[in-house]
1. Gly135 - would you say it is modelled with pLDDT of 90 or more, farther than 16 Å from Tyr91 by Cα and of a type outside the set (Val, Ile, Thr)?
2. Which of the residues that make up the range 193-223 are under 20 Å from Ala158 (Cα atoms) and in contact (Cβ under 8 Å) with a residue 24 or more places away in the chain?
3. Applying the selection to the range 15-42, what residues are closer than 12 Å to Ala2 by Cα and either in contact with a helix residue (DSSP H, G or I) (Cβ under 9 Å, 6 or more places away or on another chain) or outside the structural domain of Gly71 (by TED's automatic domain parsing) (or both)?
4. On the basis of being assigned to a loop (DSSP other than H, G, I, E, B) and either among the aliphatic types (A, V, I, L, M) or at pLDDT below 90 (or both), does Gly100 make the cut?
5. Residues of the range 190-223 being over 21 Å from Asp162 (Cα atoms) and of a type in the set (Phe, Trp, Tyr), which ones?
6. Are any residues in the range 70-79 modelled with pLDDT of 95 or more and over 14 Å from the mean Cα position of the chain (by Cα), and if so, which ones?
7. Among the listed residues Val52, Val30, identify the single one that is closer than 26 Å to Ala158 by Cα, more than 19 Å from the chain's Cα centre (by Cα) and in a strand (DSSP E or B).
Amino acid sequence: MAAHNEEKYIPRCLEAIELATEDVEHETIVICDRCTDRTKEEAERFPVRIVVKDRAGWKNSYAENLEIGLGYAGGEFVAVVDADIRVEPEYFRKVLGAFGEGVVSVSGRVVTEPSKPFNRLYSIWEKTYDLLGAGREPRGGNRVYRGEELRRVRFSDAIAPDTDVDMRVRGKRVYLRDAVSYHMRELTLGKCFRGQVNSGRARRQLRMPFWRTLLHSVVRLRPFVILGYLIGGEGD
């Protein structure tokens, strides 16, 4: 778990993880990335391993945090859960149960928690993913990897390190729609704008075709994705 100033969300995130892993042998690793709030203190209330990062070495800090965490993870499976994500109680049981022969990555479905007016509006818009057939692909910060394969490919200094890894792993990737987690972060127009721009920059870095990005931007009503693609850039 990568965490930068997440004191508002990390307690609920870790509570949910502990509930969902009651019958699963596990270790939770939290990378506290240059936090200036009480993220570390909130995380210390839970049985987790905390790694404090006081300076950035990569252009993309989130990717670096995942790579640091992977260095401490020795399990058969490695889960990435963002600090503003709340998993459902059966999440890990469902995801781990989907690892059949040849499967190297299983992703659950992330939906926006309708806690605020803009979040409720955004959660309604998210339903169009299913209507347009786009709901079959993983999205958001929750994935579980087969540890051996993830340690082979590693995380790289990418804007979207999870998508980058998905493109490089050898084996079957599964999207499990009924394994649900909730994005707790309070959304604003500014955050949505920055998210779309970064999505476009990531697509360009991953060498996705311009025409596909343009089509995505138009059909999905995400006009600033194409702007981010045109801006480009290597990191944050």
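The values are calculated or read from the model by the stated rules, or taken from the named source; none is laboratory data. This structure is a prediction, so every number in the text was calculated from the model and none was measured. Cβ placement follows ideal geometry from the backbone for every residue including glycine, while neighbour counts extend to all protein chains displayed.
1. No.
2. Phe193, Gln196, Val197, Asn198, Ser199, Gly200, Arg201, Ala202, Arg203, Arg204, Gln205, Leu206
3. Selection gives Thr28, Ile29, Val30, Ile31, Cys32, Asp33, Arg34, Thr39.
4. no
5. Trp211
6. Leu70, Gly71, Tyr72, Ala73, Glu76, Phe77
7. Answer to the selection: Val52.
Each row is one residue, and each column tells you yes or no for (1) surrounded by fewer than 22 Cβ atoms within 10 Å (Cβ to Cβ); (2) in a loop (DSSP other than H, G, I, E, B).
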| site | (1), (2) |
| --- | --- |
| Gly57 | yes, yes |
| Gly69 | yes, no |
| Val80 | no, no |
| Phe92 | no, no |
| Leu96 | yes, no |
| Val111 | yes, no |
